[in-house]
Each structure stands twice: as C-alpha cells, then as structure tokens.
1. Confirm whether residue 369 is buried (at least 17 other Cβ atoms within 10 Å of the Cβ), of a type outside the set (Lys, Arg) and within 20 Å of residue 437 (Cα to Cα).
2. Applying the selection to the stretch 1-57, what residues are in a strand (DSSP E or B) and modelled with pLDDT under 90?
3. Can you pull out the strands (runs of 3 or more DSSP E) entirely within the stretch 482-547 that have at least 3 residues that are in contact with an Asp or Glu (Cβ under 7 Å, 6 or more places away or on another chain) and not assigned by TED's automatic domain parsing to the domain that holds residue 315?
4. With respect to residue 331, determine if the residue is of a type in the set (Ser, Thr, Tyr) and in a loop (DSSP other than H, G, I, E, B).
5. Of all residues being at pLDDT below 95 and in contact with a Pro (Cβ under 8 Å, 6 or more places away or on another chain) in the stretch 467-488, which is surrounded by the most Cβ atoms within 10 Å (Cβ to Cβ)? Just the residue, please.
6. Looking at 356, 374, 314, 340, which one is among the aliphatic types (A, V, I, L, M), in the same structural domain as residue 500 (by TED's automatic domain parsing) and closer than 30 Å to residue 487 by Cβ?
7. What is the number of the single condition among (1) at pLDDT below 90; (2) within 21 Å of residue 112 (Cβ to Cβ) that residue 195 does not meet?
8. Which of the residues belonging to the stretch 187-197 are more than 16 Å from residue 139 (Cα to Cα) and surrounded by 24 or more Cβ atoms within 10 Å (Cβ to Cβ)?
Amino acid sequence: MSVINPYGKEIIKVSTEFAGKPLTLEVNRVGFRTTASVLVSYGDTVVLGTVMVGSRPVVLDYFPLSIDYEEKFYAAGKISGSRFIKREGRPSDEAILIGRLIDRPIRPLFPKGYRQEVQVVSSVLSLDPNFRPDAIAMIAASTALMLSGTPFDGPVAGLRVGRVNGEFKAFMSPEERDESDLDLVVAGIETGITMVEAGANEVSEDVVADALAWAFEQYQPAITLQKELVARVAPVALEYSLIVPNEEIQTAVNDWMVDKLGDALRLPYPERNELVSTLRWSFHEHMAEQHGEDYAALRDEYDEAFTSALHKDVRDGIITQQVRPDGRQLTEIRPLSSEVGILPRAHGSSIFTRGVTQGLNIVTLAPLSYAQMVDTMEVNDGERRYMHHYNAPGYTVGEVRRLGSPGRREIGHGYLAERAVLPVLPSAEDFPYAIRSVTEIMSQNGSTSMAATCSSVLALMDAGVPLKAPVSGIAMGLMMDGDTPYVLSDIADAEDFAGDMDFKVTGTSQGITAIQMDMKVHGLPVAVLRQALEAAKPGRAFILKHMLETLATSRPTLSPYAPRIEKIMINPDKIGAVIGKGGEVINKITAETGALIDIKDNGLITVAAQDTTSIEKAIAWIKGLTEEPEVGTIYEGKVVSIKDFGAFINIMPGVDGMVHISELADHRVERVEDVLTEGQIVKAKLIGIDDRGRLSLSLRNIE
C-alpha cells in the first residue's frame, strides 16, 4: 500500500544491500519546495540531499555550482564544545573538506557551457558513530541531482576504504580506522572512477591500485539503486542552453592563431605565460578592429575560443610529438632549488622552488596544550597536534585580489600537505610538541600543494623534528587519446587546464603517504590509474634526492628560540595530586618555577620553559608528588607519630610508612622514644609493601 504525503504525492522508497547494510533512498517525504530532495539512510545515519536550480537566467563566464556539506551536532546527540558558540555557524575545516570530496566527482559531469545556478546541500540529520558519513552524503547529493532534471551525467557513488590485516573494508569503525594503514576515498560513475583521495602509511602503488579496483566494484549497488529511483520518479528534464563558442568564432580564432601556436609557443615558464598574455591582448585588439563597436558584446565568446585553441595546441603537441608547452619531455621535471634556515627567528624555515612555483615554509613548535581542539559532530573529535596551513594571495599568480580568510582551495591544499607528512611524524611521547607548519606560496604555476609538502618537510627537518622518513610529492597529469594514456610528470598550469586528469602523489622511499586525483573526463578505468601511479614513483624519487642534497636529515638540536620541553610519565591515578584542589598545586608549581605544564589523561606530563633550570625544578616537584614507593630505596622522611610498637614516617607527599621497634637500630630498643622524636628528619629504607599497600621501613644498616 502506497503512502501519500500532504501534497498528494506518493512517498517512494527503494533499498539495496550496500557493503553489508541496507541503503535506502526516499523521496517526497520532506523538502516539498526544493527542486529535488532525498533522504538517504544507512545504519543509523540519515542524510538529507537537496538541490535548488535557479529560475533566472545567469550571465556568467563560469558554472555557478555550489556543493556544501552540513554538520549538525544534534545528529550525534552533541552540543558544540565551544564555550561561547553553541549553534552551527561557519563550517569546520572537516566539513569543508568533505564538501570538496563531494564536489570534485560531481562537477565534471555537467556539460561544458552549462551556466544555470545550482545549489547542492548534503545535511547530516542522524549520525551513526560506527562509521563516517561522507560516502552517504555523496550519494545523497548525487541522487538529488539525478532527480532535479538538470543535465547531470550521473549517478555518482563513493566509498571510504581502509585496509585492516591486509583486507580492504568500507565503513570502518573508529577502532578499525586507527588500525588501518590506508584511508582511501574513491568516487565514480558506473563505467569508471572520477575522484580519489587518500592518506596512507607508506603503502605501495599496487596496494592503492588494488583498493581502487575493490572500491569500484563495491560502490556499484549504490549506482544501480539511484537509477532504480530515477526510473520510478521519472523527473522532468529542465530546459537549458549551453554557452559555447560559436563555430564561426572558433574558426576565425583558429585561423588567426594558426602560425602562432606549436613551436612558436614552446618556451620555458614564465616566458611562455608572458607570451600568451601578450598574444591574448594582440588577439583582442585585432578582433576589435575587425568588428568595431559590436566586439564588446562578443569579447567573452572570442576569449573563450582563444583559450580553447590554446588548450587544443597543448594536447596536440603532447599526443602527436610528446613535447610539452615549455619544450619538456613527458617525464622531465622543471629545475629544482631549495634552501633551509632562511628566517633567523623561526624555529624552522625553508624555500622550495620548482620552476616558477615556489613555497616558503615556516615551522613553529609549542607545548602540547597548543594542539587544536577539533569540534565537529563526529564523536571521536580529538586534537590536531600537527597543523599545516596554506596561503596563496593574488600576487602569486600576478593578479590583484582582495585579501581575506582562506577559501576551500586553500584549506584543501593545506590538508593534503598535512596528510602527506602525518605518517612520518614522531609520536607525542617521543617528541612532545605541538607543531604548526605554514606554507606561504610565493609564486605559482602548477601544483602548489606539492611545493607545500616538500617545503614543509624541509622546514620540519630544519626545526629538528625527528621525522621517521622524509616525504616528497609530485603533481602528475594525464591526457587520453582514445584508449591511449599520456602521463606527464610535474605538470604546469597549461597542462592542467588542457588535460584529462591531474593527480598528486606524496610518499617516502618506502611507499605512498597521500594521494589526490581529479578526473575531468567521465571516469577512468583502474588500469589507467595504476599506470599513472607507477609513473609518479620515479618523479617522487628524483625530487626527494634533491631535497636530501639540501638537508640530509633532521637537525640534531632545536632552534635556540624554540621552547624546551621535557616529559615525565606518572601513574594516571596520581594526576589529581599534581593538579590539586581547584588547580592549586599545578598553579603553584607554574608560578614558582616559571614552567608551563600540560597533563594528559594517560599520565603523560610535559614541562616547557625557555631554560632547563625551570624545567628541572618543576619535574623534581612533580616527581615528589607522584613518585611510587620502591622497595630497597632509601628515603628521607619526617617522623609524624610515635606508637608503642614503632613509628610512622612520611617518606613522600601523602605516603607514610611504619618502622617497627625491632627495625629502629642494630641493637635492642626498649622504648621508641629513646631513638625517635616527632618531627625528626631521618633516613629510612623501604623493606616491604604488603598486599594492602602498607609500607614497612627500617632504620637499620642505613649508610
């Protein structure tokens, strides 16, 4: 029996088995005024996907598509941990990154020249804490688009895949994610993969390629289910028009440029960029003379046709001659240059230059209390001890731009570089510092995220951070000629814009630590992606060799301007003794020694100061508060009470032991008062601890 909503429409629900659980898509239950909406359920996770298509014509030179991922704290039964802000506001970095994950496989599936305004939102309404909701949010966005009537060439589905004990698994629990050596997000359509992002613990190219193949097969049921729902709903296609260069305009542009392309444009960067800019201005001047006052209305179309001719020339050179726009061979890497220790007061600094792309990186070390608290709707929020931030103002591409807060691109680039380094960072127990790495891009012409990775590794080594292994990164490109792939090493902007895929791979000499792949074609087979991964390996090794020639290993000592930090492990039951009532004890230690003290729940205490004397005083104080009695150790203590059978001696704060009258001296003692008096300071040896924790002391044979 069908269920009808208040607007008289049938509530339609379809389900399938997806990675071990039922996946359900439901329409016409909520979102009555949206262009399209869908509720997607998987386990206890429920995501609302909505699409709104603008009704007014849009006159823009780009596709105004926005795709957002909305965290709702109530979905996890939480209230934000922020002291002052309790309602959801600006999306967290984690939400922005998931929004990018959803955006990247969807955007290329709209036809070129589509200009209608489209807004896609995936809102998590209920969160199953046993797995991350990003793949379900991606399915919600894709399904809503499939129902919207827009020319979206989907559906899209995705999976987050890990590897535990050598076996691939989707929808891992938090515990399984901690054990996994791979964190891979794969998205695509029925015929191929369109997006890959991964973090890994030095895994091989073969493992990543096998995971891609596994994920491709596993997400197919979600594709089939979306098609089933679309068939039942039968959405009405919306009318639209494409803004593409007029064929006559494109022909006129090609004729004007025929002797100005090919070898005439194959120059090193930045000379090529300057020539293209001059050529573009000359082109518009020529066309304006030909068309007179009518040209102002046609200028954008001619400009797009000019760009199209440039891209075609780049592709033709690579496919027909295997020569790139700047004259390089397909596997050739641009000139490299690196420096370290360039900023005197920074704890670590470096400059990494590859061709025209240049990244300045600065590393700052601080006590662990400076780690960033992660406040999201997900249950296992935790902390970010290592933070990589990325900045690229307008001057880095020769443009005038207003300065502002970082956008999605900047957050995404910083996160990729951060992910690349995380597997090789020392543990907090071995290196008890919070670490902030900032990449200031100085100039860009292709893959600044890989420049950020390489410069950050050099700066970390310059700062004395004992990395497990150095990491390098390279940006690769791909152009398909039918079924024949042409893989390019170290791509520049011209090849990125004209290509079919750009992908970044980072890793050590032992294996991969991070990947980001974006396809501009409608899906690629795993075999092509496997080939691309293998092609990146020698490029990574070449760049790593250059980096190690600049700085072979982490510096043995820290900068004199970095804080000194020592650590001590105590019994977690003793944490209260260090903190004291209302923080009285720890505040006193800090005030009298000048040291900054951080305490973790597992008993790790870090003590930071600019000088070692302050640290030593604070550690001695903490040891006195937390030290565990040890049999055989001689303590200096105070006699706190005298009894007929012996005396009680305080050997450490809050810890008393009893010395029996027979252990007061080497000879027989008649009265305890003959040997001890209350308040007397004596040396006593701990000779035993019984099963109830009572301490037995002796004053005999004390040297």
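1. Details: buried (at least 17 other Cβ atoms within 10 Å of the Cβ): no; of a type outside the set (Lys, Arg): yes; within 20 Å of residue 437 (Cα to Cα): yes.
In short, no.
2. Within the stretch 1-57, the subset in a strand (DSSP E or B) is 3-4, 10-18, 21-27, 36-42, 45-53.
Answer for the stretch 1-57, where residues must be in a strand (DSSP E or B) and modelled with pLDDT under 90: 3, 4, 10, 11.
3. Numbers: elements: 484-489, 501-507, 512-519.
Here the list reads 501-507, 512-519.
4. Working: of a type in the set (Ser, Thr, Tyr): yes; in a loop (DSSP other than H, G, I, E, B): yes.
Yes.
5. Restricting to residues being at pLDDT below 95 and in contact with a Pro (Cβ under 8 Å, 6 or more places away or on another chain), the top hit is 478.
6. Numbers: 374 fails: closer than 30 Å to residue 487 by Cβ; 314 fails: in the same structural domain as residue 500 (by TED's automatic domain parsing); 340 fails: closer than 30 Å to residue 487 by Cβ.
On inspection, the qualifying residue turns out to be 356.
7. Here residue 195 meets the rest and fails (1).
8. 197
The values are calculated or read from the model by the stated rules, or taken from the named source; none is laboratory data. Everything quoted here is computed from the prediction, not taken from an experiment. All Cβ positions, glycine included, derive from the backbone under ideal geometry; neighbour counts span all protein chains shown.
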